[in-house]
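This report refers to the structure that appears directly beneath it.
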Amino acid sequence: MKKILVLFLSLLALVFVACGKDKDIRDILDKEKISSKFNIVEENEKYFEFKDKDDNRDVFRIFMYEKISSIDFKNPKKIDSLEEGYIEQGCDIIYKDKDTIMIGIFDPEVGYGYNIHNFDNSKTTLEIIVAIGSQDELSEKDLFEILKEAKSFIKK
């Protein structure tokens, strides 16, 4: 059931993602490290998605990386737009700053679902999205640890 919630949140996250131009996203991600621990779902020059190999994990994660256009990346209202969209969908805002927003939703039959959006320009104009499903409530600290893990797949 939590996979359904994660799938819903990941699809919802993709609704808010813009397309981008630049070099191949696969050049900035450590594909070897990713494929040793995760199942790659989709990959192309602008988008890369992978998920936990064990579908029955207590905390199931889907990681998505998308190159977005520099115009969209530089938009100072991008986080506010995400916030508005998620609030309209009945989600709770857990954390928000100029580069990151963390969203939560609870379904008594399925459990907890979270989305993390982070805009990273360390290598390119990249949006990192993590969709998470869990039977137990996760803390803000737990979500930041998952974001830290998501950033660890970007080559130094």
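Every number here is computed from the coordinates shown, using simple stated rules; none is lab data. Keep in mind that what you see is a predicted model, and the values were worked out from it rather than measured. For neighbour counting, all protein chains shown are included, and Cβ atoms are generated from backbone atoms with ideal geometry for every residue, glycine included.
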Two-site label geometry, LYS141 and SER36: point separation in nm, points 7 Å out along Cα→Cβ: 2.8 nm
³J(HN,Hα) computed for each position of region 62-68 - Karplus, 6.51 cos²θ - 1.76 cosθ + 1.60, integer Hz, glycine/proline x: 10, 9, 10, 10, 9, 7, 10
Karplus-derived HN-Hα couplings along region 112-128 (A = 6.51, B = -1.76, C = 1.60, θ = phi - 60°), whole Hz, x at Gly and Pro: 9, x, 9, 10, 10, 10, 9, 9, 10, 10, 5, 10, 6, 7, 10, 9, 9
FRET efficiency for TYR95 and ARG57, using Cβ-Cβ distance with R0 set to 25 Å, rounded to 0.05: 0.65
Over 30 Å (Cα to Cα) - which of LYS53/LYS77; LYS33/LYS77; LYS77/LYS141 fall in this group: LYS53/LYS77; LYS33/LYS77
Under Karplus coefficients 6.51, -1.76 and 1.60, residue-wise ³J(HN,Hα) of region 38-49 in Hz, glycine/proline x: 9, 8, 7, 9, 8, 8, 7, 5, 10, 9, 9, 9
FRET efficiency estimate (nearest 0.05) - Cβ-Cβ, GLU88 to ASP27, R0 25 angstrom: 0.10
